[in-house]
Amino acid sequence: MIRLKYCTLLLFFVFPFLAFAQSSGLDSLKLFLDTATGENKASILNDICFQFRFSDPTSAMKYGNYGLEYATKNHYKTVVYLHNNVGILFMDKGQYEKALENFIKADKIAEELGDKKGMAMSLVNIGAVYQFQNLYEKALINYNSSLMLFREIGENRHVADVLTSFGGLYYELKDNEKALEYFLQSLKLMEELKNKEGIAGGLNNIAVIYEEMKNYSKAMEYHKKSLKLNREELSTKSISASLYNIALIYYGQKDYDNAISYIDTAMFYAKEVSALEFLKEHYTTLSEIYYKKNDFKTSLHYYTLLSDLKDTLLNKDLNNQIVEMSTKYQTEKKEKENQILTQKNELQDLSLNRQKIINYSVTVGLILVIGLAFFIFRGYKQKQKANLQLEEKNVLIEQKNKIVEEKNKDITDSIRYAKRLQNAILKPENTLTNYFDDGFILFKPKDIVSGDFYWFEKFGDLSLIAAADCTGHGVPGAFMSIIGCNLLSQAVNEYAITQPAAILNSINKGLTKVLQQKGDADSFVTDGMDIALCSFNPKKMIVEYSGAYNPMWIIRDNKVIEFAADKFPVGAFIDSQVRMFSSHEIPVQKGDMIYMFSDGYADQFGGPLGKKFKYKPLQALLLENHKKSGAEQKAALNKAFENWAGNLEQIDDVLIIGIKI
């Protein structure tokens with residue numbers, strides 16, 4: 001799927017052609033720029049931005065932003081094309097929110113100017129963003145609108161590009177026959193137009209479809225035709241994509257040497273244009289190939305390179321610190337147990353020896369009590385010596401006890417360091433009011449670090465917040481909380497997913513991948529998390545909620561309204577069918593209080609009979625305090641919890657989030 005996306009993007013984003021881009025090289029454009037003025041200057045800046053896109057993305061963004069500033073200030077229509085080009089650059093970097101912002105601006109301006117070509121370009125690019133977010137219906141609507149506009153104004157070059165976009169979308173939907181139909185239509189138009197770059201991309205896309213259909217000879221034929229054209233056009237990124245796709249065919253046929261050769265060449269071209277998304281695929285495949293060749297050292301080398309590129313899944317340095325801390329914790333715990341066992345054995349031996357000495361002395365004394373003063377004196381000396389040995393043993397035991405205490409302190413210090421790492425990932429609680437009018441977070445870890453965690457983020461107009469409860473607590477729970485927090489941020493900030501149910505589906509897949517949950521009951525990792533997640537749109541006054549076991553409560557007009565969660569967790573499944581989360585869209589009113597929580601508060605033992613607190617009393621407590629400020633509610637909840645628990649130990653991590661609309 002990813003391979004086709006690479007090639008398709010090279011096509012359906014190549015819309016901002018202007019006269020200079022078609023006829024002039026970069027050097028000529030820069031010369032024209034020195035003397036150009038007005039709309040002409042804005043057009044040249046746009047063309048330079050476009051031509052730099054594949055060879056030097058940093059320079060492309062520099063000229064694009066300069067052109068945007070110049071065209072916007074002077075109200076030139078080229079601003080439409082500049083917004084599209086800059087949006088494409090953000091798209092290349094995976095910053096979909098900024099890309100969509102530029103495409104929507106371009107569409108609005110083009111519509112005001114009556115620029116149908118600009119509108120069509122903007123619409124297909126907007127559709128591309130939706131496709132990356134798996135919003136296929138919205139993508140199809142935008143592609144259809146764009147296709148009609150391009151056909152209306154006779155832009156066959158761009159008609160071909162939109163047909164390619166359709167093909168890519170149907171490929172993602174696993175409809176290979178329909179994808180091939182659109183790719184063939186696009187290729188036919190490209191050949192009529194004699195557009196080598198478009199022909200190369202079309203050949204590559206058709207090859208991927210044939211590969212999906214297991215027709216490897218046809219796939220190889222089309223890939224090699226595409227590679228030849230890409231080399232003629234000197235399109236570095238496209239060359240890299242073609243080489244990699246050829247390598248994958250060899251890989252599928254277990255011709256590992258040819259596969260390695262082609263991937264090595266593909267990496268060379270990908271590094272030239274900093275195509276990190278390509279390099280991730282290269283490293284992944286090379287690691288797999290060398291593993292199958294039993295060259296585990298080289299396989300590990302490429303796996304390490306791959307890990308260094310993954311910024312959204314987990315931070316490698318942080319992971320290493322946590323793993324090291326866990327190893328240290330387990331080792332020191334084992335050492336402590338061994339020391340205690342050794343001390344017990346020494347004490348038992350010492351006690352037995354002492355008893356033997358006493359018995360021997362008494363026996364000798366009774367036998368020789370009459371007239372055997374020498375033996376009595378000797379027995380006394382032996383007893384005195386034994387006491388001295390006993391004192392020495394006691395000193396040694398005290399010294400070892402001090403060592404054990406120091407070890408305990410080291411272990412506690414390590415866990416406290418883990419807390420600092422966890423706090424570095426979680427946003428400060430007092431910043432919650434930057435996202436909502438008022439609110440609070442009651443967060444009480446059981447064992448310094450916590451398996452419960454909270455998370456909030458801003459994305460456009462939306463404010464998102466989550467309360468999660470991972471498997472376990474303490475150090476194991478903290479590991480899971482770090483993974484969960486990173487997966488949430490990745491889903492929103494990297495994949496631009498904002499619907500709560502879609503976010504849970506995304507982290508469900510991500511958690512399964514990280515923990516290698518493959519359905520093998522003997523080796524299956526059953527860790528997961530319960531979570532309540534919602535997004536708030538202040539303009540529409542809509543809250544959208546999705547949950548795994550953890551519900552969401554809204555208090556309105558002194559009544560508690562409960563929105564039930566799905567009865568399965570995120571991750572921790574063994575069956576092969578992945579269940580999808582459902583979503584609730586809820587109109588809200590000013591003054592509504594929203595609560596999300598883990599089970600730690602309700603499950604705490606306490607009170608006169610030592611029973612659980614439970615959820616009904618928790619609702620009553622929230623109803624009693626919901627009209628107070630966030631800080632006052634937090635204090636009241638904390639006081640009630642401490643009074644209920646009394647002298648009993650806290651049994652689980654505690655998390656309650658309250659936000660006021």
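The values are calculated or read from the model by the stated rules, or taken from the named source; none is laboratory data. These figures come from a predicted structure and were not determined experimentally. Reconstructed Cβ throughout: ideal geometry from the backbone, glycine too, with neighbour counts over all protein chains shown.
Here are a few things to note about the model shown:
- Count of residues meeting criterion [among the aromatic types (Phe, Trp, Tyr) and either touching a Ser or Thr at 6+ places or on another chain (Cβ under 8 Å) or modelled with pLDDT of 80 or more (or both)] in region 1-53: 5
- Being free of Cβ contacts under 8 Å to residues at least 12 places away in the same chain, outside any helix (DSSP H, G or I), assigned by TED's automatic domain parsing to the domain that holds Lys446 and at negative phi holds for only one residue in Glu649, Glu585, Glu632, Glu642, and it is Glu649.
Residues are listed down the side, and each one gets a yes or a no for (1) more than 33 Å from the chain's Cα centre (by Cα); (2) outside any helix (DSSP H, G or I); (3) surrounded by fewer than 24 Cβ atoms within 10 Å (Cβ to Cβ):
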| position | (1), (2), (3) |
| --- | --- |
| Ala179 | no, no, no |
| Lys188 | yes, no, yes |
| Ile199 | yes, no, yes |
| Glu211 | no, no, yes |
| Met220 | yes, no, yes |
| Lys224 | yes, no, yes |
| Arg231 | yes, no, yes |
| Ser240 | no, no, no |
| Leu248 | no, no, yes |
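- Residue count for region 593-629, restricted to those that are part of a loop (DSSP other than H, G, I, E, B), among the charged types (D, E, K, R) and over 20 Å from Asn430 (Cα atoms): 3
- For Val560, the conditions (1) modelled with pLDDT of 95 or more; (2) closer than 20 Å to Gln133 by Cβ; (3) aliphatic (A, V, I, L, M) all hold with the exception of (2).
- For region 101-111, filtering for residues that are buried (at least 19 other Cβ atoms within 10 Å of the Cβ) and either touching a Phe, Trp or Tyr at 6+ places or on another chain (Cβ under 6 Å) or farther than 17 Å from Met61 by Cβ (or both) leaves 3.
- The residue that is farthest from Leu135 (Cα to Cα), among those in region 60-100 that are of a type in the set (Lys, Arg) and assigned to a helix (DSSP H, G or I), is Lys73.
- Summed over region 652-661, the residues that are modelled with pLDDT of 95 or more and either under 10 Å from Tyr601 (Cα atoms) or part of a helix (DSSP H, G or I) (or both) give a count of 3.
- Qualifying residue in region 36-45 (condition: on the phi < 0 side of the Ramachandran plot, in contact (Cβ under 8 Å) with a residue 40 or more places away in the chain and either in contact with a helix residue (DSSP H, G or I) (Cβ under 8 Å, 6 or more places away or on another chain) or of a type outside the set (Gly, Ala, Ser) (or both)): yes
- Filter result for Leu432 (part of a helix (DSSP H, G or I) and closer than 30 Å to Ile126 by Cβ): no
- Counting the residues of region 81-100 that are surrounded by fewer than 17 Cβ atoms within 10 Å (Cβ to Cβ), over 14 Å from Ile497 (Cα atoms) and modelled with pLDDT of 90 or more gives 0.
- Those residues of region 168-177 which are among the acidic types (Asp, Glu), part of a helix (DSSP H, G or I) and either closer than 15 Å to Gln131 by Cβ or modelled with pLDDT of 95 or more (or both), in sequence order: Glu172
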